[in-house]
Amino acid sequence: MNIQPPESRFAQAGGVKIHYQEGGSGDPLICIHGAGPGATGWSNFKGNFDHLTRHFRTILIDMPQYGKSDKPVVPGGRLAFLARVLNDFMSEMKIERAVFIGNSMGGQAALKLAIDFPERVKRLAVIGSSPLKAGSIFQPMPLEAIRNIRNYYLGDGPSIPKMRQLLESLVSNASMVTDDLVRERYEASLDQEIIELNKKPQGEAEDLYFELPNVKAPALLVWGQDDRAGALDVGLLMLRRMANARMILFSKCGHWANVEHRDEFNRVVVDFLKA
């Protein structure tokens, strides 16, 4: 998909410089990408961007440690850190309240923002995001795609075959993983600052099990039946724990529902966020 990305922009979020791109007008929508090597806001949501900008002022951010954003070592809990950064980013952008789409770790960060700064989140849709330490009863833990992400910078380091293996574990239909996509994500993963960062201890993974009932904003949990990065049964547990949530499940779908079922995802999520 040869779509030109929007102009790069930067904002200070506390002590962290955040790279973002935006388009459209109206109520603000903040999209937060997942945590795979080479991921950015644009690479994660470029296929959805045009549709989203018809309805919202759509802002794609690169999370700290990714893309053109700063690469700090995260102290303490990673999700608490990301929630603070998002809160500071919204203050800098003079956005009081927004709706959110978050993929994987990005969805976890949005959920933590809704817990720690509830006034910031009007509604949120999360894709395969499972901020729980509960294991799956259907899949061996850690999940296949999570193993591939963890191993990517280990051993001999990044490679084209490792990136292809990783991306194919994120989708149900491996034919969606094109040579161009593999090359794009591989080249993005070679940033020397990111490689050095992955040699250092990272922030701890929090378990939001006891905090999820504090998410009061309406939430849509989007899941793929074949997700190998976020276990479906963990998503069902989240649905039970949350105060105001619903779930949509796609068959023949992995971790990238917004890519594998783009048109229906766009329609369902926009309808939900505009309600």
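The values are calculated or read from the model by the stated rules, or taken from the named source; none is laboratory data. This is a predicted model, so every value here is computed, not measured. So basically every Cβ, Gly included, is an ideal-geometry build from the backbone, and we count neighbours across all protein chains shown. Just the protein is used for accessible areas: all its heavy atoms, side chains included, with ligands, DNA and RNA removed. Shrake-Rupley method; radii C 1.70, N 1.55, O 1.52, S 1.80 Å.
Per-structure values
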item: For the range 142-216 and the range 233-267, distance of Cα centres in Å; result: 20 Å
item: Calculated on alpha-carbon atoms, Rg and Dmax of the range 216-275 in Å; result: 11.5, 31
item: With all protein chains modelled, accessible area of VAL259 [1.4 Å, Å²]; result: 60 Å²
item: Residue-count net charge about PRO140 - beta-carbon cut-off 11 Å; Lys, Arg +1, Asp, Glu -1; result: +1
item: Net charge dipole size for the chain [Lys, Arg +1 and Asp, Glu -1 on Cβ; Debye, nearest 20]; result: 500 debye
item: Cβ-based net charge around ILE95, under 13 Å, with every Lys or Arg adding one and every Asp or Glu removing one; result: -1
item: Alpha-carbon spread of the range 95-211, three principal axes, descending order, Å; result: 44, 37, 33
item: With every protein chain in place, the range 45-168: carbon and sulfur % of accessible area (1.4 Å); result: 51 percent
item: Percent accessible area from carbon and sulfur atoms, the range 187-255, protein chains only, probe 1.4 Å; result: 51 percent
item: Stretchable slack from TYR209 to GLU193, in nm (0.36 nm times residue separation minus alpha-carbon distance); result: 2.5 nm
item: DSSP bridge orientation in the chain - percent antiparallel, rounded to nearest 5; result: 25 percent
item: Most mobile of SER91, SER175, SER136 in a GNM of the chain (Cα contacts under 10 Å); result: SER175
item: Mean projection area, nm², convex hull over Cα of the range 112-155; result: 4.8 nm²
item: Relative contact order of the range 1-63, pairs being alpha-carbon contacts under 8 Å that are 6 or more residues apart, as %; result: 40 percent
item: Long pairs among LYS68/LYS122; LYS46/LYS274; LYS68/LYS252; LYS94/LYS199; LYS112/LYS274, criterion Cα-Cα beyond 31 Å; result: LYS68/LYS252; LYS94/LYS199
item: DSSP-defined antiparallel bridges as percent of all bridges, the range 1-148, nearest 5; result: 40 percent
item: Ranked packing of 216-223, 93-100, most packed first, by mean Cβ within 10 Å; result: 216-223, 93-100
item: Globularity ratio of the chain, using Cα Rg and 2.2 N^0.38 Å; result: 0.92
item: Accessible area (Å², per residue) of the chain, counting only protein heavy atoms and a probe of 1.4 Å; result: 44 Å²
item: Built amide H within the under 5 Å cut-off of ILE101, gap 5+; result: ILE30, CYS31, ILE32, ALA125
